[in-house]
Amino acid sequence: MKISEHILTTAGSLFYKEGIRAVGIDRIVDEAKVAKATLYRHFPSKDHLVAAYLTERHERVLLQLREVTSAATLLPRDQIALIFERLFEKADSPEFRGCAFALAVAEHGDSERVVSIAREHKNAVRDIFRSIMSAARCSTEQAAAHMSLLYEGALATVAVGRDPQAVLVARDCALSVFDMATGQFIPSGGKLYDQNH
């Protein structure tokens with residue numbers, strides 16, 4: 001692992017677990033076992049380090065979401081279910097503190113760099129839902145907005161309530177949004193029907 005990656009991994013873990021403001025450069029240097037000059041050679045300021053942490057997380061989350069949407073064997077409805085089920089797996093962990101981007105903006109909202117990355121991430125998540133709805137050949141905008149709000153709401157609810165079941169409730173709501181948008185419904189027997197036929 002490169003030194004920059006090692007510093008970023010160490011800092012990212014601390015930022016998420018303890019909070020950005022609570023973790024100073026000295027703590028990161030100590031935990032990473034590097035010289036302060038080495039850290040500053042790779043990251044000129046704490047703001048740059050926070051931005052790099054969020055960018056890395058943004059790319060990782062999007063990669064995981066795109067793995068779901070690129071799975072040829074999954075229908076659009078199943079992709080939506082799997083996105084929320086994977087979120088549930090993450091949320092069902094003692095280390096889970098909610099959305100890293102929301103936490104960062106709450107703590108570091110005076111940084112335009114941090115706010116910009118957080119907004120980019122939220123827009124990208126909505127684009128994922130938009131692409132799923134597009135693949136289902138139905139109106140994308142309103143349904144994608146509803147699903148991304150359910151996704152964000154699940155993250156926030158688990159962060160406060162510490163109950164990962166909220167993600168599964170959000171999943172069921174998102175599937176209802178999908179069914180309404182595509183003109184389908186699921187009766188008590190469980191078989192999918194098209195309301196238009």
Solvent-accessible area of Tyr53 with every protein chain in place, 1.4 Å probe, in Å² to the nearest 10: 10 Å²
Fraction of accessible area attributable to carbon and sulfur, the stretch 47-182 (%, probe 1.4 Å): 54 percent
Note, ³J(HN,Hα) from phi for the stretch 156-166, Karplus 6.51, -1.76, 1.60, rounded to Hz, x at Gly and Pro: 5, 5, 5, 4, 8, x, 6, 10, x, 4, 4
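Using 1/(1 + (r/R0)^6) with R0 = 22 angstrom and r between the beta carbons of Asp30 and Ala159, what's the FRET efficiency to the nearest 0.05? Present the calculation step by step, with values, prior to reporting the outcome.
On the way: r = 28 Å, r/R0 = 1.26.
Between Asp30 and Ala159 the formula returns 0.20.
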Separation of the Asp127 and Leu149 label points, Cα + 7 Å toward Cβ, nm: 2.2 nm
Residues of the chain: accessible area per residue with a 1.4 Å probe, Å²: 54 Å²
Cβ-placed point charges (K, R +1; D, E -1), dipole of the chain about Cα centre in debye, nearest 20: 300 debye
Thr9 - accessible surface, heavy atoms, 1.4 Å probe, Å² rounded to 10: 80 Å²
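Could you pull out the GluC sites (Glu not before Pro) across the stretch 9-104 that fall in loop regions by DSSP (anything but H, G, I, E, B) with no more than 16 other Cβ atoms inside 10 Å? If you can, show how the numbers build up before the last one.
On the way: sites: Glu18, Glu31, Glu56, Glu59, Glu67, Glu85, Glu89, Glu95; in loops: Glu95.
Counting only loop positions with at most 16 other Cβ atoms within 10 Å, the GluC sites (Glu not before Pro) in the stretch 9-104 are Glu95.
Between Ser134 and Val169, how high is the FRET efficiency from 1/(1 + (r/R0)^6) when r is the Cβ-Cβ distance and R₀ = 22 Å? Nearest 0.05. Show your work: numbers first, answer last.
Working: r = 26 Å, r/R0 = 1.16.
After rounding to 0.05, the efficiency reads 0.30.
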Listed candidates (1) 1.12; (2) 1.18; (3) 1.00 - label of the one calculated as Cα Rg over 2.2 N^0.38 Å: (2)
Accessible surface, 1.4 Å probe, highest first, among residues Lys33, Lys17: Lys33, Lys17
Long-range HN-HN contacts of Gln184 with modeled amide H, under 5 Å: Gln195
Accessible-area ranking of Leu63, Leu14, Leu150, largest first, probe 1.4 Å: Leu63, Leu150, Leu14
Protein-only accessible surface order, largest first, of Asp47, Asp127 at 1.4 Å: Asp127, Asp47
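The values are calculated or read from the model by the stated rules, or taken from the named source; none is laboratory data. This one's a predicted model, so the numbers in the text were calculated from it and none came from an experiment. Please note: Cβ atoms are built from the backbone with ideal geometry, for glycine as well, and neighbour counts cover all protein chains shown. Ligands, DNA and RNA are excluded from the accessible area calculation, which covers all protein heavy atoms including side chains. Shrake-Rupley method; radii C 1.70, N 1.55, O 1.52, S 1.80 Å.
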